[in-house]
C-alpha cells in the first residue's frame, strides 16, 4: 500500500508498472530472498517494454523492495520496503549523541506501551518466540559476541506480538537509527540488558501487562541515562 | 545523514556522487523549491560524468530529496526527503480502517508527550506560531473548507516546539498516513477539533505541560473512538 497514493486512475505508465510489480510479488506470495521472473517474462506479464520495466525495477530497488544481483536476477529485498532514511533525517544537523537521545525519548514513550500490549495480545507461539529470542541475546552477550541485530529482533517480536502493525514497522526503524551508538556501548549496559530483557519476556509469558510495561520502561531509561551522561560529559569537556 | 550508513570509505562512485549532491544542497543552504546548478556545472563540481550524475539525481528523486521538472531543471523537493512509504507498509495486508486505528494508537502514545514537551520547551515565537496555526484551522473549519494539511501543520509545529527532532519528523508521517480517513470524517469531529486544538494551544502558551498533554490525549482519543466505532459497525454489518 502506498500510503500517499490517491485513488485516481489516471496514473502514468511508470507508476502502473511499479504497482504491477508489487502485485506480482504479493500475488505469488514472494518472500525476502525469492527471485522474480526474468525480465522478458515480467515485461510480457505487465504488457510494457523492457525500458519501462527496468525503470520500475530501479524505483523498487531504491525503495528497498527489490534488490538486483548482476547475472543472478532480481530478488525481493530483506529490507522489506523500509527505506534508507525513513524519517528524512538527511537534513537534520545534530550530533550523533543528540539524535540518539531523541530516538531514545521516542522509544521511551512507545516501547513500554508495546510491551504491555504484547503481554495482553501475544499468542502462546509468540510468547515462546520472545523467550527464545531473549535467551539467544543472553547467550551472545555472555560469549561477548555482537548482539545488536538479535537485540533489535527481540524488540521487533514484541512489537509484532502487540498486534499493532504500525508499531511493528516503526520499532526496527527506531532501532536501526541508534545502531551505531549501541555498538559503542556494548559492554557498559550488556549486564543490565540481560536482566531487563528477561524481566520483559517473563512478564509477557505471564500476561502481566503492567510488569512488562514497567520492565521495558526501566530497560530504556537505563539506555537514556547513559546517552544523557555522555552528552553532559562531552559538554563539560568542551567547556574546560 | 544516512542513518544506515557505516563509516567505511570504500564507497562506490554512485554513492559518493549522491553524498556529493547532498553536500551541495546543504553547503549552499538550498531550501525546498530552490533550483540546483545545471547538469554541466554539477558534473564538473563533483568531478563525475553526466551519466553518473543522472543516476545520482534519480536516486535522490526517488528518495523525495530532489524533484526534476522537464525543461526547468532540478529542484529541492518540498517533501524534505521523507520517503513515499516511510514505514514500509507496502506488504501489510489490512483494511484502511485497521491501519488508521493502528496509526491512531501510536499517535495516542506519542502526541500527548509531544504536547507536554512543547509546553515546557516552546519559545515565545513558537507559542505564537502554534496559536496562529490553531486559529487558521479554526477559520477553515468554520468556513467548511478543507483543513487537513493545516491541521497536520498544527501538530507538526507542536512536535517542532517539543525540541525532539525525531518526533518532529515522525508526526507528519503518522498524519499523512491517515489523511484519507480524516477527509471522510471531516464533519463528524470538526467541532471537537476546534475545541481541543484551542485547549492544547492555550496550555502550551501558559507552559502548562500537564494541561497540554491531557488536552492532546482527549483530542486523539475522540478520533480513536470514531475509527473504532466504524470498525465495529462494519463487522456487525458483515455479520448480519
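Of note:
- For region A:43-54, the set of residues classified as without any contact (Cβ under 8 Å) to a residue 12 or more places away in the chain and farther than 14 Å from residue A:22 by Cα consists of A:44, A:47, A:49, A:50, A:51, listed by residue number.
- Residue pairs meeting the criteria (Cβ under 7 Å; at least 6 apart or on separate chains; first under 13 Å from residue B:67 (Cα atoms), in region B:9-37; second exposed (fewer than 12 other Cβ atoms within 10 Å of the Cβ)): B:32/B:78; B:33/B:78
- Scanning region A:152-199 for residues that are farther than 28 Å from residue A:86 by Cα and modelled with pLDDT of 90 or more returns A:192, A:194, A:195, A:196, A:198, A:199.
- All conditions in (1) in a helix (DSSP H, G or I); (2) without any contact (Cβ under 8 Å) to a residue 40 or more places away in the chain; (3) within 11 Å of another protein chain (Cβ to nearest Cβ) hold for residue B:57, with the sole exception of (3).
- Top-ranked residue in region B:207-223 [being buried (at least 22 other Cβ atoms within 10 Å of the Cβ) and within 17 Å of residue B:120 (Cα to Cα); ranked as nearest to the chain's Cα centre (by Cα)]: B:216
- Residues in region B:25-43 include none that are facing chain A (nearest Cβ under 10 Å), under 20 Å from residue A:77 (Cα atoms) and modelled with pLDDT of 85 or more.
- A single entry from A:52, A:68 fulfils the requirement of being over 18 Å from the mean Cα position of the chain (by Cα), away from chain B (no Cβ under 12 Å) and not in a helix (DSSP H, G or I): A:68.
- Annotation: residue A:77 fulfils all but one of (1) at pLDDT below 80; (2) surrounded by 17 or more Cβ atoms within 10 Å (Cβ to Cβ); the unmet one is (1).
- Search result, residues across region B:58-70 that are surrounded by fewer than 19 Cβ atoms within 10 Å (Cβ to Cβ) and in contact with a strand residue (DSSP E or B) (Cβ under 8 Å, 6 or more places away or on another chain): B:61, B:67, B:68, B:69
The values are calculated or read from the model by the stated rules, or taken from the named source; none is laboratory data. The model shown is predicted, which means the values in this text are computed figures rather than measured ones. Virtual Cβ from ideal backbone geometry, glycine too; neighbours counted across all protein chains shown.
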